[in-house]
Amino acid sequence: MNPKLCTETYNHSHPASIETYLSLGGYDAWKNILQNKMPRSKIIEKIKDSGLRGKGGAGFLTGLKWSFIPLIEGQKYLVCNSDESEPGTCKDRDILRYNPHSIIEGMLIACYAIGASVGYNYLRGEFMDQQWKVFNEALKEAYKFKLIGNNIISSNINIDIYALIGAGAYIVGEETAMLESIEGKRGMPRIKPPFPAIKGLYGKPTIINNTETLASIPKIMLNEDGWYKNLGLNKSEGMKIFCMSGHINKPGNFEIPLGTPFADLLKSAGGISNNRKIKAVIPGGSSVPVVKGEDMMRINMDYESIASAGSMLGSGGVIVMDDSTCMVSVLHRISRFYYAESCGQCTPCREGTGWLYKILSNILSGKASLNDLEQLNRIAFQIEGHCICALGDAAAMPVRSFLKNFWSEFEYYVDKKESMVS
Amino acid sequence: MNEDYIISDNSKQLIDDVVKKFPNNQSRSAIIESLLILQHENNGFITKKIMKALAIYLTVHEIDIYEVATFYTMINVHPVGKNTIAVCNNVSCMLRGSDEILSHIEKKLNIKVGQSTKDNCFYLKDEIECLAACNGGPMMQVNHKNYENLTIDKVDKILESIK
């Protein structure tokens, strides 16, 4: 049995209640820190040593990120990024509605470690009916139990946590765009440096972490050094939630050790549906390169292994496609997304995503030539690395990988004006 | 017709609570949530008069409000039908038949994406991208409530229960 960091409460009858969380040792890590007046540096070192990596997509070492916060006194902020909207990713929505206290405890520990007196959890607007209500209710409970607020458990520590809501913009998941959004502006990414750890929200040092990352913190703090690291398999460190979607029998979220073979994960998700064959997998949300099914079956679910197959672990959104899938249509859909979600700030992204979508639309309507396929590659190349944030790259990488791995299918569509598979 | 929009006392109270989440003199931070509150009060959309009233209430510039209202897709700046339907049709949902679901709804309600029905009962929202329910696809939100693992039958029942 794998240990559960973020998903432990999921199968309980009242998963989101503070009683359930407390009965499973919840808030023990937080109380322990306060009662022992644990030095901040010790927490940061422990998280650093655990090998915990950011689970929103970039995979940056969490403890290292925290250590960038200047030691000087003054206002600092923590932001939890619950603006989950990377296509294929639906893990944070479940943590928010089934285990909100793990997020609150993780945020409290992070606030303490970086010296922030205020933490904001930014939820995407579309979560307003369920996750928003559950999380706000959990906050109220935590205040009632005096685990947040002023002079928490007579420690002289004051930390307030607030929930914030977005209103529909994928780009706000980019950390500096999120800061702009919290400041009440359009979600347009900032030029880095300065990095948020130096100059973030309202110009103050700020750390932004993903929901799953923060929800993993309490268990790491509660266990002995090296515990989290050793949970991984095949030389990998730690755990990850993978969101299995697409042509599979049992779509769902699976919290498993990093390094687990993809074949095992696929089996847990019930295998490919309708007795069909696996054709392709997008292993980390729609922004990462697509991998051929047969290559996927040979690799493990960890950063290095997926990189060796030419892709990235990203957010853990695993989209599985069977042999009935038209890759031209899938790429067309992905390109529409980045075209719609580009904030419009940088020209290569604003114009380039539009052209990618337009050319792919032309292929689908039988109005494209083989020259257009080369043109797609050229445009992708011109977007990549030329913008303030990674959205442009995220639009370009699928295009290049779909063309590389399924060139003949695109050629067939241009030539015959119909899909190779239908 | 030229009367100013009056923010209700109830909404004022809700907006005051939003402002309290932020440091002093950062009332601009409250714009997004305030617009969602006012949109709810005004049949699902925001007018220029509402933007003006909110700008005065939060002591920010009108343009600050306008920028936010036109950037975020959940803020409607035109009148829309009473019940908002949002069908996810990004990749995960598409692989499981969301295109059929969407065209069924279009046919059933006799509207295209981005339009409201003649009786103003439904608004089929445009610019809908991944709604983070990928393992429940195909899915849609009706008035922000999730309906997952949709079939044509299920969609019919949901829409009829709302009519």
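The values are calculated or read from the model by the stated rules, or taken from the named source; none is laboratory data. What you see is a predicted model; the values in this text were computed from it and never measured. Positions of Cβ are generated from backbone atoms using ideal geometry, with glycine treated the same way; all protein chains shown enter the neighbour counts.
Considering region B:105-116 alone, what residues qualify as being in contact with a helix residue (DSSP H, G or I) (Cβ under 8 Å, 6 or more places away or on another chain) and buried (at least 17 other Cβ atoms within 10 Å of the Cβ)?
B:105, B:109, B:113, listed by residue number.
I'm trying to understand the selection: among the residues of region A:363-386, which are polar (S, T, N, Q) and more than 18 Å from residue A:342 (Cβ to Cβ)?
Hits for region A:363-386 are A:365, A:369, A:371, A:375, A:377.
Could you list, in sequence order, all residues of region A:66-105 that are of a type in the set (Ser, Thr, Tyr), surrounded by 24 or more Cβ atoms within 10 Å (Cβ to Cβ) and more than 14 Å from every other protein chain (Cβ to nearest Cβ)?
Within region A:66-105, just A:102 meets the criteria.
Can you say whether residue B:7 is β-branched (Val, Ile, Thr), more than 8 Å from chain A (Cβ to nearest Cβ) and farther than 26 Å from residue B:131 by Cβ, as far as the supplied structure shows?
yes
Do we find that residue A:133 is of a type in the set (Lys, Arg) and not in a helix (DSSP H, G or I) in this structure?
no
Select from region A:18-35 the residues that are surrounded by 18 or more Cβ atoms within 10 Å (Cβ to Cβ) and of a type outside the set (A, V, I, L, M) and write down the one among them that is nearest to residue A:155 (Cα to Cα).
A:30
Do we have residue A:127 as closer than 30 Å to residue A:28 by Cβ and surrounded by 24 or more Cβ atoms within 10 Å (Cβ to Cβ) here?
The answer is yes for residue A:127.
Considering only residues that are touching a Ser or Thr at 6+ places or on another chain (Cβ under 7 Å) and under 17 Å from residue A:128 (Cβ atoms), look in region A:151-168 and name the one that is nearest to the other protein chains (Cβ to nearest Cβ).
Per the criteria, the residue is A:168.
Quick one: would you say residue A:190 is closer than 27 Å to residue A:48 by Cα and of a type in the set (D, E, K, R)?
yes
Please enumerate the residues belonging to region A:376-403 that are out of contact with any Gly (no Cβ under 8 Å at 6 or more places or on another chain) and in a helix (DSSP H, G or I).
Across region A:376-403, the qualifying residues are A:376, A:377, A:378, A:381, A:391, A:394, A:397, A:398, A:399, A:400, A:402, A:403.
Does at least one position in region A:358-381 carry a residue that is over 16 Å from residue A:335 (Cα atoms) and among the β-branched types (Val, Ile, Thr)?
Taking every residue of region A:358-381 in turn, none turns out to be over 16 Å from residue A:335 (Cα atoms) and among the β-branched types (Val, Ile, Thr).
Among the residues of region A:203-226 satisfying the criterion of being in a helix (DSSP H, G or I) and within 13 Å of residue A:119 (Cα to Cα), which is farthest from the other protein chains (Cβ to nearest Cβ)?
The selected residue is A:214.
Need a quick list: helices (runs of 4 or more DSSP H) entirely within region A:236-343 having at least 3 residues that are crowded, with 24+ Cβ neighbours inside 10 Å and within 14 Å of chain B (Cβ to nearest Cβ).
Counting at least 3 such residues, we get A:327-341.
Residues checked against (1) within 28 Å of residue A:160 (Cα to Cα); (2) touching a Lys or Arg at 6+ places or on another chain (Cβ under 7 Å); (3) in a loop (DSSP other than H, G, I, E, B); (4) among the hydrophobic types (A, V, I, L, M, F, W, C):
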| position | (1), (2), (3), (4) |
| --- | --- |
| B:23 | yes, no, yes, no |
| B:30 | yes, no, no, yes |
| B:37 | yes, no, no, yes |
| B:49 | no, no, no, no |
| B:54 | yes, no, no, yes |
| B:66 | no, no, no, no |
| B:75 | no, no, yes, yes |
| B:79 | no, no, yes, no |
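Identify, please: which residue in region B:47-60 is touching an Asp or Glu at 6+ places or on another chain (Cβ under 9 Å) and surrounded by fewer than 20 Cβ atoms within 10 Å (Cβ to Cβ) and is, among those, nearest to the other protein chains (Cβ to nearest Cβ)?
Here the residue is B:55.
Among the numbered criteria (1) within 18 Å of residue A:22 (Cβ to Cβ); (2) assigned to a helix (DSSP H, G or I), which one does residue A:65 miss?
(1)
Per-residue answers, yes or no, for (1) touching a residue at least 12 places away in the same chain (Cβ under 8 Å); (2) more than 26 Å from the chain's Cα centre (by Cα); (3) surrounded by 16 or more Cβ atoms within 10 Å (Cβ to Cβ):
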{"position": "A:364", "(1), (2), (3)": "yes, yes, yes"}
{"position": "A:379", "(1), (2), (3)": "yes, yes, yes"}
{"position": "A:383", "(1), (2), (3)": "yes, no, yes"}
{"position": "A:386", "(1), (2), (3)": "yes, no, no"}
{"position": "A:398", "(1), (2), (3)": "yes, no, yes"}
{"position": "A:408", "(1), (2), (3)": "yes, yes, no"}
{"position": "A:417", "(1), (2), (3)": "yes, yes, no"}
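Anything in region A:331-362 that is among the β-branched types (Val, Ile, Thr) and more than 21 Å from the chain's Cα centre (by Cα)? List them, or say none.
Of everything in region A:331-362, those that are among the β-branched types (Val, Ile, Thr) and more than 21 Å from the chain's Cα centre (by Cα) turn out to be A:347, A:353, A:359.
Confirm whether residue B:69 is hydrophobic (A, V, I, L, M, F, W, C) and under 27 Å from residue B:129 (Cα atoms).
Against the criterion (hydrophobic (A, V, I, L, M, F, W, C) and under 27 Å from residue B:129 (Cα atoms)), residue B:69 qualifies.
Would you be able to tell me the number of residues in region B:65-84 that are touching a residue at least 60 places away in the same chain (Cβ under 8 Å) and either at the interface with chain A (Cβ under 7 Å from one of its Cβ atoms) or touching a helix residue (DSSP H, G or I) at 6+ places or on another chain (Cβ under 7 Å) (or both)?
1
Output the qualifying pairs, or none if there are none: Cβ atoms under 8 angstrom, residues six or more apart or on different chains, first residue in region B:16-39 and surrounded by fewer than 23 Cβ atoms within 10 Å (Cβ to Cβ), second residue charged (D, E, K, R) and assigned to a loop (DSSP other than H, G, I, E, B).
Correct list of pairs: B:26/A:183; B:28/A:183; B:28/A:185.
List every residue pair whose Cβ atoms sit under 8 Å apart, with the two residues 6 or more apart in sequence or on different chains, where the first one lies in region A:263-274 and is under 12 Å from residue A:322 (Cβ atoms) and the second, anywhere, is charged (D, E, K, R).
A:272/A:322; A:273/A:322; A:274/A:322
Answer with yes or no whether residue A:194 is assigned by TED's automatic domain parsing to the domain that holds residue A:89 and over 20 Å from the mean Cα position of the chain (by Cα).
In short, yes.
For residue B:22, indicate whether it is more than 18 Å from the chain's Cα centre (by Cα) and either of a type in the set (Phe, Trp, Tyr) or at pLDDT below 95 (or both).
yes
Quick one: how many residues across region A:1-53 are part of a helix (DSSP H, G or I) and charged (D, E, K, R)?
Qualifying residue count for the region: 9.
Out of curiosity, is residue A:10 surrounded by fewer than 22 Cβ atoms within 10 Å (Cβ to Cβ) and in contact with an Asp or Glu (Cβ under 9 Å, 6 or more places away or on another chain)?
Yes, satisfied.
Mind listing just one residue for me: the one in region A:180-196 that is over 23 Å from residue A:385 (Cα atoms) and part of a loop (DSSP other than H, G, I, E, B) and, of those, nearest to the other protein chains (Cβ to nearest Cβ)?
A:184
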